[in-house]
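*Asks:* Pasting in a structure now, in C-alpha cells, and then I'll have a few things to ask.
The values are calculated or read from the model by the stated rules, or taken from the named source; none is laboratory data. Quick caveat, the model's predicted, so the values are computed rather than measured. Neighbour counts are summed over all protein chains in view; Cβ atoms, including those assigned to glycine, are modelled from backbone coordinates with ideal geometry. What goes into the accessible areas is simple: the full protein's heavy atoms, side chains included, and nothing from ligands, DNA or RNA. Shrake-Rupley method; radii C 1.70, N 1.55, O 1.52, S 1.80 Å.
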Amino acid sequence: MEVLLARENGFCFGVKKAVELTEAAAETGKPVYNLGQVVHNPKISERLAARGVTVIKDPAEAKEGVIVIRAHGVPPETRAKIEAQGLECVDATCSLVLRAQRFTKQLADEGYTVIILGTPEHPEVVGLRGFAPNAIVVETKDEWEKLPRMKKAGVVSQSTQPPWAFKDLVAHVAEIAQETKVFNTVCPVTVKRQHAASELAEQVRTIIVVGGKNSANTRELVNLAKMQGRNAYHIEHADELRPEWLAGETRVGLIGGCSTPMDTLIEVKERAEAIAA
Ligand code: SF4
C-alpha cells in the first residue's frame, strides 16, 4: 500500500515562530509560561513541558519569569494584565492574527457592527472580540441567516475558517446591511493546505488527517475530505491508526494540520506502511 503525502504539510510560519519563541524563552533558564496551549498540538505541548514550560490559563498564575502569548493572540485586557504584573512578555501572536485584530478594532472604531465568522470559544475569536466587545460571532449559515438588518456591518473571519463560508457570509451581509465593509482575514496558508487536501482527495478513497483534536484548521481538513465523499480519519498520533481503515486500500492520503510536526506525519506514514505490509 502506498501512502501519499499531501503537497503541503508541516508547520505554518505562525506555529513555527510560536514554538521557536517558547523554546528560546525556555533556554534562558527562567520560569516560562504559555498562556494556553501555545499551538493546538499535544505532541508540541509535551515537548515544551519536557523543557519546563508550564501552561496556565490566567496571567495571575505566574508569579515570576516569562509569559509567552500564543499564536492565536489575546484580548487587549489580557495583555494589560501581564504588563500590570510586571512580568516579561514574549508575544508569539501570528502576524496574520495581529492583522485581523487591527482590522477588527478599526471596524469597531468606525462604528460598524462587527461580525466575526468563527467558533465563539476558540482563543483566536476570544482575542478578536476583545477589540470589538459588541461583535457578533457566527459560525454556520443558520446562525448568519438570523442576523438582524443593520446600517453598517463590518465582516472579518477567524483565520482558519473555510474561504467559501466567508464568501457566503459576506454575500448575505451585503443583502441585510445598508453599508458593508469587509476585511478578508482568512489565512492564505490554511487555504493552501485546504487545496492540498482537496487534491489529495481526488487521488484516494481514504485520508488520514493528523493534528490536535482541538485544532480548527485540522478539523477543517477532515470536513473537506468528507465533503468530497472520502473516508477521513482524524488522529493525533500514529498509535491511533486502525488496521480496518486501511484494509483493501492500495493507497491512502496523509495530511497534517498547520501545527502538526513533520516527524509525527512520518511516524504515521511508517505505521500505516507497517500495518499494510
Ligand atoms: S494558520 Fe495562518 S493564522 Fe494561524 S498561525 Fe498559521 S499562519 Fe498564522
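*Asks:* Please give the length that would be gained between residue 164 and residue 178 if that part of the chain were fully extended, namely 0.36 nm times their separation in residues minus their C-alpha to C-alpha distance (nm, one decimal). Could you put the intermediate results ahead of the total?
*Replies:* Details: separation 14, 0.36 × 14 = 5.04 nm, distance 2.27 nm.
So the chain would gain 2.8 nm between residue 164 and residue 178.
*Asks:* In whole percent, and with a 1.4 Å probe on the protein chains, what portion of the accessible area of the chain is carbon and sulfur? Display every interim value, and only then the final one.
*Replies:* Working: 6460 of 12700 Å².
Summing carbon and sulfur atoms, their accessible area is 51 percent of the total for the chain.
*Asks:* What ³J(HN,Hα) values, in whole Hz, does the Karplus curve 6.51 cos²θ - 1.76 cosθ + 1.60 give for the range 147-157 when θ = phi - 60°, with x put for Gly and Pro?
*Replies:* 4, x, 5, 8, 7, 10, 10, x, 10, 9, 9
*Asks:* Oh, and also: For the peptides 242-252, 95-105, 216-226, what is the packing order when you average, over each peptide's residues, the other Cβ atoms within 10 Å and list the highest mean first?
*Replies:* Numbers: 242-252: 13.4, 95-105: 18.9, 216-226: 21.9.
Descending mean neighbour count gives 216-226, 95-105, 242-252.
*Asks:* Please compare each pair in 141/167; 105/146; 17/269 to a cut-off of 20 Å on the Cα-Cα distance and tell me which ones are over it.
*Replies:* 105/146; 17/269
*Asks:* Here is a follow-up. Quick one: which residues, 5 or more positions from residue 115 or on another chain, have an amide H under 5 Å from its amide H? H modelled 1.01 Å from N in the peptide plane, none for Pro or chain starts.
*Replies:* 136, 154, 155, 156
*Asks:* In addition: Could you state the number of Å between the C-alpha centres of the range 46-101 and the range 201-253?
*Replies:* Cα centroid of the range 201-253 versus Cα centroid of the range 46-101: 32 Å apart.
*Asks:* Dipole of the range 96-182, Cα-centred, from +1 at each Lys and Arg C-beta and -1 at each Asp and Glu C-beta, to the nearest 20 debye?
*Replies:* Working: 11 positive and 11 negative charges, 60 e Å.
Roughly 280 debye, rounded to the nearest 20.
*Asks:* Let me ask you something else. Among 247, 106, 197, whose Cα sits farthest toward the positive end of the charge dipole of the chain (+1 at Cβ of Lys/Arg, -1 at Cβ of Asp/Glu, about the Cα centre)?
*Replies:* Ranked along the dipole, the leading option is 106.
*Asks:* Hey, rough spin-label estimate for residue 142 and residue 205, points 7 angstrom out along Cα→Cβ, what's it come to in nanometres?
*Replies:* 3.2
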